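Rule-based calculations on the coordinates, nothing more; no lab input. Just so you know, these numbers come straight off a predicted model, no measurement behind them. Cβ: placed from backbone, ideal geometry, glycine included. Neighbour counts: every protein chain shown.
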Amino acid sequence: MKFISYTYPWLENVLKSEVEKRKINILEIWPWFVVFSGDISTMVKANLWFRTANKVYILLGEENIENFDNLFDFVYSIDWNYFIPKKYWISVNPHIVKSKLSHIPSIQKIVQKAIFKKLTNDSYYNFDEDKNIEVRIDIFKDKVRVLLDTSGDPLYKRWYKENISKAWLKETLTSGILLLTWCKSDVFFDPFCGSWTILIEKAMIDKNIAPWIFRNFLFEKFDWVDKNILEKERWRAKTREKNINCKYFWFDIDENMVLIARQNIKKAGLENFIKVEKADFLNIKISWWTMITNPPYNKRIKLDNIDEIYEKLFNDFSNIKCGWLITWYENINKKFYDFFKVRVLSNGWDRVKFFYKK
Ligand SMILES: C[S@@+](CC[C@H](N)C(=O)[O-])C[C@H]1O[C@@H](n2cnc3c(N)ncnc32)[C@H](O)[C@@H]1O
């Protein structure tokens with residue numbers, strides 16, 4: 001079988017390393033996605049372990065197609081009765097780049113029609129309201145790829161996430177940055193913790209905890225997937241956890257955020273490693289710790305003292321050996337660009353600035 005996992009366009013090499021680390025055979029690397037091959041246990045491992053992938057899809061077929069009749073025939077030729085669990089509604093999710101077939105509603109209609117016809121041989125398709133499966137259609141320069149979701153909820157939904165702050169970072173993005181910029185240190189520090197994310201992801205990477213170990217996946221509903229494989233891979237993942245000596249310190253000025261962060265840390269089983277306290281960053285004295293943080297940026301949370309915060313951030317970053325900050329703040333002082341390495345990253349629709357020091 002062939003599989004595809006998508007990530008952020010600048011993280012494909014990080015995802016590639018994640019695939020290689022699991023000893024999975026890579027077939028192609030594109031900006032945004034990696035194509036790999038394997039069997040059902042490959043699919044299970046990919047879902048359990050890839051920190052930077054948004055989902056894991058099975059590639060059911062690929063072909064050059066330029067008109068709707070051929071699209072219908074091609075989709076109809078796939079063995080949907082084998083792959084789709086009973087009574088699941090099919091949501092068709094097309095992504096088109098530079099192709100003759102470009103009208104999204106028509107593509108959705110044709111693909112759905114072909115699948116329903118194959119499944120029922122009838123015009124009536126009986127499904128349960130709460131059962132839904134995504135079929136992704138990628139068309140790039142007329143090459144159509146038909147993909148079946150195996151993950152269900154996007155993989156950034158970690159199991160420990162109960163409550164979130166107003167301005168949370170996606171875990172796939174956070175772990176991608178953590179894997180991209182490696183700071184060797186015994187103490188990591190985030191003075192703007194919000195509800196969670198950065199240090200939980202960091203501790204999970206350091207302890208080699210599989211990011212999706214306790215969540216459920218769509219593939220568990222597939223008749224053709226042996227459920228013992230998931231249990232076996234979960235057990236294997238547990239045996240791979242490492243002991244670490246690192247400490248992680250988190251602060252936030254908002255007491256509510258501190259309480260939420262504590263709940264999330266406990267849920268992730270990391271309360272012996274990550275400590276959270278209420279504190280104002282302007283009063284915290286930075287020593288030799290490694291700072292990795294996502295400071296406020298005056299969009300979702302408005303602050304009067306934002307420039308004072310960025311002035312102190314600049315001074316603190318100048319004094320430490322290694323660290324990074326990721327921000328959407330538009331009026332960031334020019335000296336950040338002069339003194340630190342910077343990348344402008346795309347986070348879906350947004351552009352994020354990422355400053356780092358190594
Ligand atoms: C962008 S959010 C961090 C989001 C976090 N990375 C997450 O994923 O949930 C910024 C946080 O900084 C906190 N904050 C604002 N001013 C602060 C200050 N002076 N000292 C410490 N924390 C502050 C806010 O309460 C907010 O939770």
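List of remarks:
- For GluC sites (Glu not before Pro), the sites in the range 59-124 that DSSP calls loop and that have at most 16 other Cβ atoms within 10 Å are E66.
- Note on the range 2-149: antiparallel DSSP beta bridges, both residues inside, total approximately 75 percent of the bridges counted.
- Antiparallel bridge percentage (DSSP; both residues within the chain; nearest 5): 60 percent
- Each of V34, V258 has some number of other Cβ atoms within 10 Å of its Cβ, and from fewest to most they run V258, V34.
- Model label sites at L27 and L303, defined 7 Å from Cα along the beta-carbon direction, differ in position by 4.8 nm.
- Overall form of the chain per C-alpha gyration tensor (a/c, 1.5; a/b vs b/c): prolate
- Evaluated with a Cβ-only charge set (Lys, Arg +1; Asp, Glu -1), the chain carries a dipole of roughly 780 debye about its Cα centre, given to the nearest 20.
- Tensor-based shape of the range 173-212 (alpha-carbon gyration tensor, a/c under 1.5 rounded, otherwise prolate or oblate): rounded
- Comparing V34, S99, F72 along the charge dipole axis of the range 2-149, the residue lying farthest to the positive side is V34, per the Cβ-charge model.
- Loop-located GluC sites (Glu not before Pro) in the range 204-299, at most 15 other Cβ atoms within 10 Å (DSSP): E241, E271
- Toward the positive end of the charge dipole of the chain, with +1 on the Cβ of Lys and Arg and -1 on the Cβ of Asp and Glu, the farthest Cα among Q108, A53, N13 is that of N13.
- Think of the chain as having a plus end and a minus end, set by charges on the Cβ of Lys, Arg, Asp and Glu; of V352, I274, F214, I274 sits farthest toward the positive end of this dipole.
- Using a simple spin-label model with pseudo-atoms 7 Å out from Cα toward Cβ, S106 and F140 lie 2.4 nm apart.
- With the highest mean first, a sort of the peptides 10-19, 177-186 on other beta-carbon atoms found within 10 angstrom per residue produces 10-19, 177-186.
- Of all aspartates and glutamates in the structure, the ones whose alpha carbon falls short of 12 Å from that of K334, not counting any fewer than 8 places away in one chain, are E311.
- Relative contact order of the chain, taken over Cα pairs closer than 8 Å and 6 or more residues apart, is 15 percent.
- As a length-normalised measure over Cα pairs under 8 Å and 6 or more apart, the relative contact order of the range 2-149 settles at 25 percent.
- For K109, the lysines whose Cα comes closer than 16 Å to its Cα, not counting residues fewer than 8 places off in the same chain, are K117, K118.
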